Amino acid sequence: MTAETTGQPVLRPHAEDAFAEELSALAAADDRPRPARWNLSPWAVATYLLGGTLPDGTVITPKYVGPRRIVEVAVTTLATDRALLLLGVPGTAKTWVSEHLAAAVSGDSTLIVQGTAGTSEEAIRYGWNYAQLLAKGPSREAMVAGPVMRAMNDGMIARVEELTRIPADVQDTLITILSEKTLPIPELNDEVQAVRGFNLIATANNRDKGVNELSSALRRRFNTVVLPLPASPDAEVEIVSRRVDQLGRSLQLPAAPDAIDEIRRVVTVFRELRDGVTTDGRTKVKSPSGTLSTAEAISVVTNGLALAAHFGDGVLRPADVAAGIQGAVVRDPAADSLVWQEYLETVVRERDGWSDFYRAARDAASGRPYGAAA
């Protein structure tokens, strides 16, 4: 039984459900050529991701804030016979972009293989219903199609998340699928040929180099698009604000007034520690072992909003985000604690208007309740 059948609201709707009205409006206004079995034209898919206003006044909200050309190249790749590899450091919206691309192109973002060290070849190809297998032997009826096989049959987009987490021999299962657009079924002396419209989006983070690197044969089957970190503080603040607002509504958190100031503070701290220098370029700082990604900033602010709503007065304050920032920064207790303490004393302590955050961060680091006497 699913939330859909019981009528219960889901915690996180799929992209094609959450943005159904926008997708429908785009489809109605879209008079450009569409590749086979695409719900929208490449132009409309890019508009869905980047945002815009349609002729009838419908506002399409941005799903991705970044260079337009990156999205255009990604969309165009899916319209060719090349698969798409979204590459970047953790937290650069690879999964988010993958989901929305599949939703816009195929209307279904759920044909997904989640890559882990334990992902098997069957997860990418197909499995078996063993009751049917024992009763009838190998047959099409006994087969259990995986997401990639279903996408091939229906001419849709399949997704493979964290490709480099998958063992190398399992990764190479994709080579024939991507090069020949065919999935062999040796047990039946048969094959599945991909229907027009089929393609595949994979994601990988470039911090995983050396975990399970892609073979040169497999990498050649992909067109690689690198998703960068937000280019400017304002862009990152916009991304965090949008996602926090969406998550807050999904979690039914009260809207926090003037949250933008604390969002900008979180983004500033993350960018300075990530870049190894303060925003004015005057002071070099040490970087911690973690990535301090935009996704982590979103998590810190969302958690802070929950604290403010349930244990405060509803206003997002420094004390609500201080512990979350510390948790994101200090991954290695020995080395990162020193980096954090040094940043607090040399940068935060001397910064105008940051005294409340400095005290909250010091209290969080010491384990004292905020505002307690030392």
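Just going by the charge dipole of region 194-243, with Lys and Arg at +1 and Asp and Glu at -1 on Cβ, which of Val225, Val237, Phe198 is farthest out on the positive end?
Value: Phe198.
Take each of the peptides 213-221, 166-174, average the number of other beta-carbon atoms within 10 Å over its residues, and list them starting from the highest.
Values: 213-221: 15.1, 166-174: 19.3.
By packing density, highest mean first, the sequence is 166-174, 213-221.
Ignoring ligands, DNA and RNA, what percent of the accessible area of region 58-198 is carbon or sulfur (1.4 Å)?
Details: 3000 of 5850 Å².
Carbon and sulfur atoms account for 51 percent of the accessible area of region 58-198.
Picking from Thr76, Leu307, Pro42, whose Cα lies most toward the positive end of the charge dipole for the chain (charges on Cβ: Lys, Arg +1; Asp, Glu -1)?
With unit charges placed on the Cβ atoms, the residue in question is Thr76.
Could you give the accessible area per residue of the chain, probe 1.4 Å, as a whole number in Å²? Could the numbers behind the result be given before it?
Numbers: 18230 Å² over 374 residues.
Heavy-atom SASA per residue in the chain reads 49 Å².
Provide the percentage of antiparallel DSSP beta bridges, counting only those with both residues in the chain; round to the nearest 5. Present the calculation step by step, with values, prior to reporting the outcome.
On the way: 10 of 27 bridges.
Bridges in the chain that DSSP calls antiparallel: roughly 35 percent.
Cα-based Rg of the chain per 2.2 N^0.38 Å, rounded to two decimals? Let's see the in-between values first.
Details: Rg = 23.5 Å, N = 374, 2.2 N^0.38 = 20.9 Å.
Rg over 2.2 N^0.38 Å, computed on Cα atoms: 1.13.
Which order do the peptides 187-197, 98-108 take when ranked by the mean count of other beta-carbon atoms within 10 Å per residue, highest first? Let's see the in-between values first.
Working: 187-197: 14.6, 98-108: 24.5.
So the peptides 187-197, 98-108, ranked by packing, come out 98-108, 187-197.
How large is the accessible surface of Arg165 in square angstrom, using a 1.4 angstrom probe and rounding to the nearest 10?
100 Å²
Using all Cα-Cα distances in region 102-182, what percent lands in each 10 angstrom bin from 0 up to the longest?
Reading upward from the zero bin: 18, 44, 32, 6, 0.
Modelled label-to-label distance, Ser24 and Arg37, 7 Å Cα→beta-carbon offset: nm?
2.5 nm
Mean separation of Cα pairs under 8 Å and 6+ residues apart, divided by the residue count of region 233-365: what relative contact order is that in percent? Working shown, then result.
Values: 168 pairs, mean separation 32.0, N = 133.
Worked out over region 233-365, it gives 24 percent.
At a Förster distance of 56 Å, what's the computed FRET efficiency of Arg351 paired with Arg196, Cβ-Cβ distance as r, to 0.05? Walk me through the numbers before you get to the answer.
Values: r = 57 Å, r/R0 = 1.03.
For R0 = 56 Å, the calculated efficiency reads 0.45.
Can you send over the solvent-accessible area of Val59, 1.4 Å probe, protein chains only, in Å² to the nearest 10?
Number for this one is 90 Å².
In Å and whole numbers, how far do the C-alpha atoms of region 233-365 stretch along each principal axis, longest first?
Here the Cα extents, ordered largest to smallest, are 39, 29, 29 Å.
What is the calculated FRET efficiency for Val73 to Ser232, with r their C-beta to C-beta distance and R₀ = 30 Å, to the nearest 0.05?
Numbers: r = 21 Å, r/R0 = 0.71.
Result of the calculation: an efficiency of 0.90.
Please label the shape of region 67-226 as rounded, prolate or oblate, based on the square roots a ≥ b ≥ c of the eigenvalues of the alpha-carbon gyration tensor (a/c under 1.5 means rounded; beyond that, a/b larger than b/c means prolate, else oblate).
On the way: a/c = 2.01, a/b = 1.57, b/c = 1.28.
Because a/c hits 1.5 or more and a/b exceeds b/c, region 67-226 counts as prolate.
Could you size up the charge dipole of the chain around its Cα centre, putting +1 on the beta carbon of Lys and Arg and -1 on that of Asp and Glu, and report it in debye to the nearest 20? Write out the running numbers ahead of the final one.
Numbers: 39 positive and 47 negative charges, 125 e Å.
Roughly 600 debye, rounded to the nearest 20.
Give the calculated FRET efficiency between Gln252 and Tyr130 to the nearest 0.05, with a Förster radius of 51 Å applied to their Cβ-Cβ distance. List each step's numbers first, then the result.
Numbers: r = 43 Å, r/R0 = 0.84.
It comes out at approximately 0.75.
Run the dipole for region 233-365 about the Cα centre, Lys and Arg Cβ at +1, Asp and Glu Cβ at -1, nothing else charged, and hand back the magnitude in debye, nearest 20.
Working: 16 positive and 21 negative charges, 40 e Å.
Roughly 200 debye for region 233-365.
Any idea how many Lys pairs in the chain come in under 26 angstrom at the alpha carbon, given 8 or more places apart or on separate chains? Let's see the in-between values first.
Numbers: Lys63/Lys94; Lys94/Lys181; Lys94/Lys209; Lys209/Lys286.
Here the count comes out as 4.
Counting only DSSP beta bridges with both residues in region 67-226, what percent are antiparallel, rounded to the nearest 5? Walk me through the numbers before you get to the answer.
Numbers: 7 of 24 bridges.
Just about 30 percent of them are antiparallel.
The values are calculated or read from the model by the stated rules, or taken from the named source; none is laboratory data. In this text, all values refer to a predicted model and were calculated from it rather than measured experimentally. Using ideal geometry, Cβ is built from the backbone for each residue, glycine included, and neighbour counts are taken over all protein chains shown. Heavy atoms of the whole protein, side chains included, go into the accessibility calculation; ligands, DNA and RNA do not. Shrake-Rupley method; radii C 1.70, N 1.55, O 1.52, S 1.80 Å.
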